[in-house]
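Right, one structure below, let's go through it.
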Amino acid sequence: MEDITEVKDIVQIILRTDEIERDGSHGSNISIPIYDISSEEFLEFAESAIASETKEGMVNTISNLKRALDCEMDMFFESINVKRIFDKKNLKFEKKSQFLADIGLFPIQTIN
C-alpha cells in the first residue's frame, strides 16, 4: 500500500476506491479505539443538559453534541489508520468535518 503522509493522500486513495479489486475471502480486521469518554456518553450529557431548559443547558447541549461527533470522527480516522495525520497537523473539528464533506461522507451544511 502507498505511504500516507498528507490528508491529500487519503483523498486520492478514497477517490480511487472503485479501482480497488475486492476479495471477500479474507474479511477485515478493523480495530475500534476506546476513549475515556465515549460518543454515547457525550450524547447522554447533551440529553441531561437540554433537560435543564436554561441558556447554559442549551450551550452545554450543543458543546456535547459537537464532542460526540468529534469523537466519532476520531474513531473513524483511527480505525482506518489516518488519525496520526490529523493529529500531526493539529487539525480540529472544522477541518475534519470539511475533509469528510469533501470526500462525500459528511453533510457539512447541516453543521456549519
Item to check | Tabulated pairs, the stretch 46-73, first within 18 Å of L105 (Cα to Cα), second aromatic (F, W, Y) and not in a loop (DSSP other than H, G, I, E, B), C-beta under 8 angstrom, 6+ apart or interchain | outcome: K66/F93; A68/F42; L69/F93; D70/F93; C71/F42; M73/F93
Checklist entry - Tally time: how many residues in the stretch 83-112 are at pLDDT 80 or above and of a type in the set (A, V, I, L, M, F, W, C)? => result 7
Item to check | Pairs, first farther than 11 Å from D70 by Cβ in the stretch 81-107, second surrounded by 16 or more Cβ atoms within 10 Å (Cβ to Cβ) and of a type in the set (S, T, N, Q), C-beta under 7 Å, six or more apart | outcome: F106/S97
Item to check | Wholly within the stretch 41-112, helices (runs of 4 or more DSSP H) carrying at least 3 residues that are surrounded by fewer than 13 Cβ atoms within 10 Å (Cβ to Cβ) | outcome: 55-79, 83-88
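The values are calculated or read from the model by the stated rules, or taken from the named source; none is laboratory data. Nothing here was measured: the structure is a model prediction, and the numbers come from that model. Here Cβ is always computed from backbone atoms with ideal geometry, including for glycine, and neighbour counts include all displayed protein chains.
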